[in-house]
Amino acid sequence: MAKVRVSDIAQSLGISPSTVSRALNNHPKISTQTKKKIVDKAHEMGYFDSETQTLSAFPYKTTALLYPVAASDLMQDAVNMLTIAEQYGYAVSLFPIPNSSYVKLLTKMLLEKQYQSVISFFPCTDTVASLEALESKGLRVVLINPENEKTYLPQVNIDIYSASYEAFEHLVLMAGTNIAMVGTPLLPSIHREIERAYMDVLNRNGVQYNPECIYNETGNLEDLHRWIFSLLDFRRDISGLFTASNHHMLQVVSSLRDLGRKIPRDVKVISLSYSDFPNFLSPKITSCDFKMESILCECFIILSGGSVTDCYSGVNDVKYSFVLRKSTL
């Protein structure tokens with residue numbers, strides 16, 4: 001028996017494939033009446049039977065996990081990600097995204113290879129548009145912290161601002177208000193939230209922030225190294241540094257060592273990351289780690305037909321908490 005597709009159901013009902021896809025994914029914006037009509041038609045046409053036949057030939061559902069190259073830290077714990085996916089019955093392929101135009105090429109390949117779903121970390125507005133088009137063709141899509149939150153696609157949001165605010169407050173407690181930050185300029189939406197938290201914490205402590213104390217260039221690690229040297233040469237009073245990536249953290253540690261500054265005796269350092277920081281630097285480095293396991297589990301629940309509202313009383317966009325691992329000083 002030929003496999004029944006989302007487009008077949010849509011054609012029989014005279015509605016769009018995207019509406020059918022959202023209904024089958026239990027999207028909260030589709031009315032109960034419409035969902036019932038679509039699900040009944042899907043049963044009548046043998047859609048669920050053909051889905052079962054497809055999955056019986058291959059034990060795992062296939063999903064593509066997209067992440068921006070600038071957020072390569074996410075993949076430091078890739079093995080754990082794959083294990084979590086397997087527990088939910090998914091086989092994951094990882095795709096680093098250098099720019100939004102690459103996504104347009106990738107979506108064609110995902111359709112040709114008959115991928116069934118997509119999880120996308122920090123997609124920009126253009127990427128979201130490409131993924132909306134992909135969802136209209138029957139793939140299930142979940143976004144993590146999209147730049148354009150107005151999209152109808154289901155999303156899981158990490159509360160970057162709250163995590164950063166707590167990290168900066170702890171840094172001020174440890175080091176005082178003479179602190180600097182290394183952001184994530186290649187991820188503008190994330191960088192804005194971190195910088196906003198930095199400014200709010202300083203303002204709360206009656207301190208006017210100095211733009212020279214923020215690294216927001218898009219250069220390479222040598223540029224970061226020069227910035228740290230320049231900053232600490234002219235401002236010897238800097239006693240705290242915040243960095244938003246483990247990739248940058250290694251350069252920060254190296255630069256401080258070359259300057260003869262000790263961690264944590266001279267300079268207290270906090271990292272904001274999505275995976276555990278290398279153990280050989282603990283307990284000198286305080287880290288604020290997101291609960292990536294919980295975030296991915298929520299994504300797979302949604303892909304499996306559940307929704308955020310099913311799990312979290314009426315809250316559509318979950319704001320995940322984080323773990324602040326405080327160093328022993």
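The values are calculated or read from the model by the stated rules, or taken from the named source; none is laboratory data. Bear in mind that the values here come from a model prediction, so they are computed numbers and not experimental data. All Cβ positions, even for glycine, are placed from backbone atoms using ideal geometry, and neighbour counts span all protein chains on display.
Might you check whether a residue that is among the basic types (Lys, Arg), surrounded by fewer than 18 Cβ atoms within 10 Å (Cβ to Cβ) and in contact (Cβ under 8 Å) with a residue 40 or more places away in the chain occurs anywhere in the range 232-240? Steps first, please.
Filtering the range 232-240 down to residues among the basic types (Lys, Arg) leaves 235-236.
From the residues that got through so far, the ones that are surrounded by fewer than 18 Cβ atoms within 10 Å (Cβ to Cβ) too are 235-236.
Add one more test, that the residue is in contact (Cβ under 8 Å) with a residue 40 or more places away in the chain, and what stays is 235.
Yes, there is a match, as at least one residue in the range 232-240 is among the basic types (Lys, Arg), surrounded by fewer than 18 Cβ atoms within 10 Å (Cβ to Cβ) and in contact (Cβ under 8 Å) with a residue 40 or more places away in the chain.
Of the numbered conditions (1) over 26 Å from Val128 (Cβ atoms); (2) at pLDDT 75 or above, Asn99 fails exactly one; give the number of that condition.
Result: Asn99 passes all but (1).
Looking at the structure I just gave you, is Ile270 crowded, with 20+ Cβ neighbours inside 10 Å and either assigned to a helix (DSSP H, G or I) or at pLDDT below 85 (or both)?
no
Name the pairs whose Cβ atoms lie under 6 Å apart, with the first residue in the range 194-222 and on the phi > 0 side of the Ramachandran plot, the second not in a helix (DSSP H, G or I), and 6 or more positions between them or separate chains?
If the second residue must be not in a helix (DSSP H, G or I), no pairs are left.
Do any helices (runs of 4 or more DSSP H) entirely within the range 1-76 hold 1 or more residues that are over 25 Å from Val103 (Cβ atoms), at pLDDT 80 or above and not assigned by TED's automatic domain parsing to the domain that holds Val182, and if so, which?
6-13, 32-45
When only residues in the range 91-129 that are in contact (Cβ under 8 Å) with a residue 24 or more places away in the chain and of a type in the set (Phe, Trp, Tyr) count, which is surrounded by the most Cβ atoms within 10 Å (Cβ to Cβ)?
Phe122
Quick check on my filter: what residues within the range 143-185 are within 18 Å of Tyr215 (Cβ to Cβ), at pLDDT 90 or above, small (Gly, Ala, Ser) and surrounded by 22 or more Cβ atoms within 10 Å (Cβ to Cβ)?
Within the range 143-185, Ser164, Ala167, Ala180 qualify.
Looking at (1) under 24 Å from Ser304 (Cβ atoms); (2) surrounded by 17 or more Cβ atoms within 10 Å (Cβ to Cβ), which one does Glu132 not meet, given that it meets all the others?
(2)
Just checking, does the range 164-175 include any residue being more than 22 Å from the chain's Cα centre (by Cα) and free of Cβ contacts under 8 Å to residues at least 24 places away in the same chain?
Yes, there is a match, as at least one residue in the range 164-175 is more than 22 Å from the chain's Cα centre (by Cα) and free of Cβ contacts under 8 Å to residues at least 24 places away in the same chain.
Does Val118 qualify as being over 15 Å from Ser21 (Cβ atoms) and of a type in the set (Val, Ile, Thr)?
Spelling it out, it is not the case that Val118 is over 15 Å from Ser21 (Cβ atoms) and of a type in the set (Val, Ile, Thr).
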